[in-house]
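Let me begin by presenting the structure, written as structure tokens, before commenting on it.
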Amino acid sequence: MPRAAALLAAALILAAAPVGAQPRPVVDAEARAARLQGLAERAYALNMADDHAAAEPALREVVQGWRALGWGETQATQATVLLWAWSLIELGRFDEAESELVDIVDSSSTGDTERASAWGLLAKTWSRSGRFIDAEQAAAQALHHARETFGDAHAETATAWHNLGTARGEVGRNSDAAAALRHAVALREQLFGPTGEPTLISIYNLAAHLHARGDMGQAEPLLRQVLAHAEPGSESHIYALHHLGFTLARMGRHAEAEPWLRQAVDVRAALPDRHMHAVSLAALADAMNGQGRHEDADAAYDRAIDLLREPYQPGFAMTLSGILLGRAETRQAMGRTAAAENDYRQAVDIARANVAPGHPRLTLRQLGLAAFLNDQRRPGEALALLRPARDALLARTRNLGAEARTEVEPFRSLFRETVQAAWAATQPDGAAIR
């Protein structure tokens with residue numbers, strides 16, 4: 001959630017802006033407005049504490065109540081809708097969030113700040129649901145409105161540059177993505193200094209992008225730079241702890257990665273964010289697997305899965321799916337075949353229920369299950385899984401630009417190799433797919 005919109009929502013809620021903006025209501029309506037005011041204050045606090053399961057119904061009641069009183073087009077109501085949409089996104093209820101946000105960007109009464117924030121949240125909604133091209137376009141709109149509303153040298157504009165960089169990375173426009181993220185870093189250096197917390201967060205985000213596109217050697221020094229200057233316990237420090245360990249593990253330096261990841265796990269265990277605690281546990285498990293310590297890794301995966309399942313939140317479904325995939329690979333390495341297959345299938349089923357066909361995360365899980373089935377000499381089942389997955393992948397990547405196609409080619413090559421292995425196993429003469 002853009003900080004300007006969150007602060008505006010808080011100010012308007014606390015000031016009871018809708019009441020002052022309307023003719024004096026009748027006594028019953030006045031009492032209802034007062035009750036909604038108190039509920040709005042509590043809902044805002046829950047949202048800011050990331051307790052979205054509790055915040056969402058409260059925010060819904062406030063918005064619906066204010067609309068019933070005729071205040072639907074007021075600035076306070078629109079700002080509260082943004083908070084409500086934020087909670088809906090975090091809970092994985094993307095269609096509901098999209099509906100509310102589209103209404104805001106389309107309304108002629110929407111203020112400039114709210115419109116910029118709504119576009120930013122639409123980008124997040126469409127990114128989370130796998131609509132990456134739409135997300136990039138929304139992020140570009142968010143930047144346009146942020147520059148018009150706040151100017152080029154403003155913190156909200158820097159945030160919009162960062163979000164555009166992230167969105168461009170998701171569609172494979174990596175050169176443009178890195179340029180946007182570096183612009184965000186440079187702008188925040190001007191605003192907050194080279195070691196200010198917002199600047200360090202932008203440096204971290206640039207490092208995370210470089211990691212995601214495979215440039216581990218560029219990501220590592222940036223993450224160490226963040227850790228050298230960040231205040232212990234700050235957001236940038238905690239994220240960089242985790243990501244440095246994650247990056248080292250991806251570079252094959254598993255023993256070096258483990259202490260960093262253990263620090264991240266210990267720090268996050270003391271925080272209320274169960275989701276990120278689980279993510280760090282899964283990364284630690286990966287580092288253990290890299291050292292051949294599969295029993296230890298399996299135990300770490302168990303802890304991560306328990307954190308995500310009790311209590312379960314739909315917004316964390318894809319994280320749970322990814323961790324199940326990691327545990328499946330671990331159990332396969334341990335020779336626990338039945339348990340591994342169960343985890344592979346759960347990972348695929350959860351992904352199918354939460355993202356569109358052809359989404360990279362779903363396809364990756366399908367590839368994992370298909371490779372497992374190949375290893376178990378069940379190529380017919382692998383092919384039955386892969387044929388529709390292949391069609392969805394091709395449809396999804398058909399309209400990508402040249403740079404994006406280059407980025408997904410290794411992924412598509414892995415897909416072809418998996419399909420070929422399954423096909424060859426079903427052919428007496430080992431015929432190739434034509």
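Values in this text are rule-based calculations from the coordinates and carry no lab data. Since we're looking at a predicted model, the values are computed, not measured. With ideal geometry, Cβ positions are generated from the backbone for all residues, glycine too; neighbour counts draw on all protein chains shown.
Some points to look at:
- Working note: Debye formula, equal point scatterers on the alpha-carbon atoms of the stretch 96-250, no solvent; log10 I(q)/I(0) at q = 0.12 Å⁻¹ is -0.52.
- Spin-label model, residue 51 to residue 152: label points 7 Å out along the Cα-to-beta-carbon direction sit 4.4 nm apart.
- Highest-first arrangement of 59-66, 103-110, where packing means the average Cβ count within 10 Å: 59-66, 103-110
- Counting Lys and Arg as +1 and Asp and Glu as -1 over every other residue whose Cβ lies under 12 Å from the Cβ of residue 187, the net charge comes to 0.
- Of the Cα atoms belonging to the stretch 120-197, the radius of gyration and Dmax stand at 12.2, 35 Å.
- Mean projected area of the convex hull spanned by the Cα atoms of the stretch 309-368, taken over all viewing directions: 3.9 nm².
- Positive minus negative residues near residue 342 (Lys, Arg vs Asp, Glu; Cβ under 12 Å): +1
- Computed lengthening from residue 35 to residue 356, 0.36 nm per intervening residue step minus Cα-Cα distance: 111.5 nm
- Convex hull of Cα atoms in the stretch 195-290, direction-averaged projection (nm²): 5.4
- Segment residue 99-residue 231, extension gain: residue separation times 0.36 nm, minus the distance between their alpha carbons: 43.6 nm
- Taking every alpha-carbon pair in the stretch 158-200 and binning the separations at 5 Å intervals from zero gives 6, 31, 26, 18, 12, 6, 1 percent.
- Length gained on full extension, residue 224 to residue 253, computed as 0.36 nm times the residue gap minus the Cα-Cα distance: 8.9 nm.
- Inter-part distance, the stretch 151-213 to the stretch 315-333, computed on C-alpha centroids, equals 30 Å.
- Spin-label model distance (nm) - residue 133 vs residue 376, 7 Å beyond Cα toward Cβ: 3.7
- From the Kirkwood radius over Cα pairs of the stretch 248-361, Stokes-Einstein at 37 °C and 0.692 mPa s returns a whole-number translational diffusion coefficient of 229 µm²/s.
- Quotient of Cα Rg and 2.2 N^0.38 Å for the stretch 52-167, N being how many residues it contains: 1.03
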